[in-house]
Amino acid sequence: MKKLILRSVSVILAISLLSSQSFNVYAGNISAATAELDESVFTFDEELIISELSELNELDAYVEANASVTFESLANEGSALIANIESSAAPMGMAGQDGEPPLGIPSFLWGCVGGVLGLLVVYIMTDNDKDETKKALWGCVASTAVVAIVYMVAWGAWAATAASTSYY
Amino acid sequence: MSLNTSAQDYFRMSIDFTTKVKPAEGKANLTKGKIYYDKYSKELIYDIHFPANEKWIVQDSRIYKIKNDSIYTTDEIPALNEFTIFHLSLNSSFTYFGLREANFSIAKVEKKDDMVISYWSIPPQMQSIISSIALAKKENSLFSVVMVGPDNNILSKQFFKDYIKIGGFEFPGTIVQIFYDELQHENYQIMEFKNIVLNDTENEENYHYKIERH
């Protein structure tokens, strides 16, 4: 029964979105969304980044050459390689975890796993809390993840419905 | 292997990863290990060996963090494994960063030198955070994603380079990410990938982790 209800809600949300998504997207401030970016924005200073990451690169080279080494073993040796390095893993990237995140899930994780979708989820669930959304953005940027049409459809429909309700 | 093989013919991958994070303030972070992903079971496994040996298992809507075969943290998350770069790359859907699949629309396209840049409209609900997203493609591969804030300030820049290409499959070997805090300080994150293995059927156990529930 629960599955049936959930499925019905999903279908209703999807249909709602199909009828409202395009309207909402195209009704947005398109001109503001298309400010042309200078070509230089699409470049980065590779040498600067290599310089900024020099300590990490040095540690990385050491770990590559010594496959069994861990942070703990380096700490026990008093290695200078980990002087400014965190001891915890962050395979998906990282961002601040202060405050009370939605559902107790760190915002960066929403962003990491959901990409742009993560932003939207956090945005909606925190009642448009900009700080939380910005954390999700960090996660989004820091991740290799992207968005999903199904969730976007569901959340987009929810948002569109909420927005249209507030308009009238 | 035939050069005509499309990405859809690949169903699982493993790859060595290195994540380097250098924030504008605070300590840096180095994480190294191997990622296993099977697009049919949709199980994403991070087998981490630095800073310590541990596994992060993402199954359905939960993430489990495991050390010495014991779960030390578990969290509920959206079931989004099929929308990660791993899944989308195995399905040739990474080129538009998932925006096309998410029903975002292209507002404008322009060509600058060897780049084709597309600007994507943002739903009004999100425009107070992000005013636009621009994607740059080079040689038909995603090269850069730039997110712009409402005051036309750059929020973040991502660059995808050193593509690993095997038949119809491609995956960025390096992802450079620069994101800006409110004082416009630059924070850096680099993800490096190597030693990709596709369709490994001889190490089945690496792609599935049975969570012991007590």
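The values are calculated or read from the model by the stated rules, or taken from the named source; none is laboratory data. It should be emphasised that the depicted structure is a prediction, and the values quoted were computed from it without experimental measurement. No Cβ is skipped: glycine too gets one built from the backbone with ideal geometry, and neighbour counts run over all protein chains shown. SASA here: full protein model, heavy atoms, side chains in, ligands and nucleic acids out. Shrake-Rupley method; radii C 1.70, N 1.55, O 1.52, S 1.80 Å.
If you take the residues of segment B:72-103 that are within 7 Å of chain A (Cβ to nearest Cβ) and part of a strand (DSSP E or B), which of them is modelled with the highest pLDDT? Looking at residues that are within 7 Å of chain A (Cβ to nearest Cβ) and part of a strand (DSSP E or B), I get B:75. Apart from one condition, residue B:150 fits all of (1) open to solvent by 30 Å² or more (accessible area, probe 1.4 Å); (2) part of a strand (DSSP E or B); (3) free of Cβ contacts under 8 Å to residues at least 60 places away in the same chain; the exception is (2).
Would you call residue B:182 among the acidic types (Asp, Glu), farther than 23 Å from residue B:12 by Cβ and either at the interface with another protein chain (Cβ under 7 Å from one of its Cβ atoms) or without any contact (Cβ under 8 Å) to a residue 12 or more places away in the chain (or both)? Spell out the reasoning first.
Details: among the acidic types (Asp, Glu): yes; farther than 23 Å from residue B:12 by Cβ: yes; either at the interface with another protein chain (Cβ under 7 Å from one of its Cβ atoms) or without any contact (Cβ under 8 Å) to a residue 12 or more places away in the chain (or both): yes.
So residue B:182 passes the test.
Consider segment B:57-70 and keep the residues that are closer than 16 Å to residue A:71 by Cβ and assigned to a strand (DSSP E or B). The one that is most open to solvent (accessible area, probe 1.4 Å) is B:67. Mind checking whether some residue in segment B:156-168 is part of a strand (DSSP E or B), of a type outside the set (S, T, N, Q), within 22 Å of residue A:56 (Cβ to Cβ) and in contact with a Leu (Cβ under 6 Å, 6 or more places away or on another chain)? Within segment B:156-168 (the criterion being part of a strand (DSSP E or B), of a type outside the set (S, T, N, Q), within 22 Å of residue A:56 (Cβ to Cβ) and in contact with a Leu (Cβ under 6 Å, 6 or more places away or on another chain)), the answer is yes, since at least one residue qualifies.
Figure legend. Inter-residue proximity from segment A:47-63: first residues more than 8 Å from every other protein chain (Cβ to nearest Cβ) and under 15 Å from residue B:21 (Cβ atoms), second residues open to solvent by less than 10 Å² (accessible area, probe 1.4 Å) and of a type outside the set (D, E, K, R), beta-carbon distance below 8 Å, spacing 6+ or different chains. No pairs are indicated. State whether one or more residues within segment B:179-195 are buried (at least 18 other Cβ atoms within 10 Å of the Cβ) and not in a strand (DSSP E or B). No: segment B:179-195 contains no residue that is buried (at least 18 other Cβ atoms within 10 Å of the Cβ) and not in a strand (DSSP E or B).
Which of the residues belonging to segment B:28-42 are over 17 Å from residue A:70 (Cβ atoms) and open to solvent by 20 Å² or more (accessible area, probe 1.4 Å)? B:36, B:40, B:41, B:42 - these are the residues of segment B:28-42 that are over 17 Å from residue A:70 (Cβ atoms) and open to solvent by 20 Å² or more (accessible area, probe 1.4 Å). For the criterion of being open to solvent by 10 Å² or more (accessible area, probe 1.4 Å) and away from chain A (no Cβ under 11 Å), residue B:203 passes. More than 7 Å from chain A (Cβ to nearest Cβ), closer than 22 Å to residue B:191 by Cβ and open to solvent by less than 10 Å² (accessible area, probe 1.4 Å) - does that describe any residue in segment B:44-51? Checked segment B:44-51: at least one residue is more than 7 Å from chain A (Cβ to nearest Cβ), closer than 22 Å to residue B:191 by Cβ and open to solvent by less than 10 Å² (accessible area, probe 1.4 Å). Against the test of being surrounded by 11 or more Cβ atoms within 10 Å (Cβ to Cβ), at pLDDT below 95 and either over 27 Å from residue B:194 (Cα atoms) or in contact with an Asp or Glu (Cβ under 9 Å, 6 or more places away or on another chain) (or both), the options A:95, A:89, A:75 yield a single qualifying residue, A:89. If you filter segment B:104-156 down to residues that are over 21 Å from residue B:184 (Cα atoms) and small (Gly, Ala, Ser), you find that the one that is farthest from the other protein chains (Cβ to nearest Cβ) is B:141.
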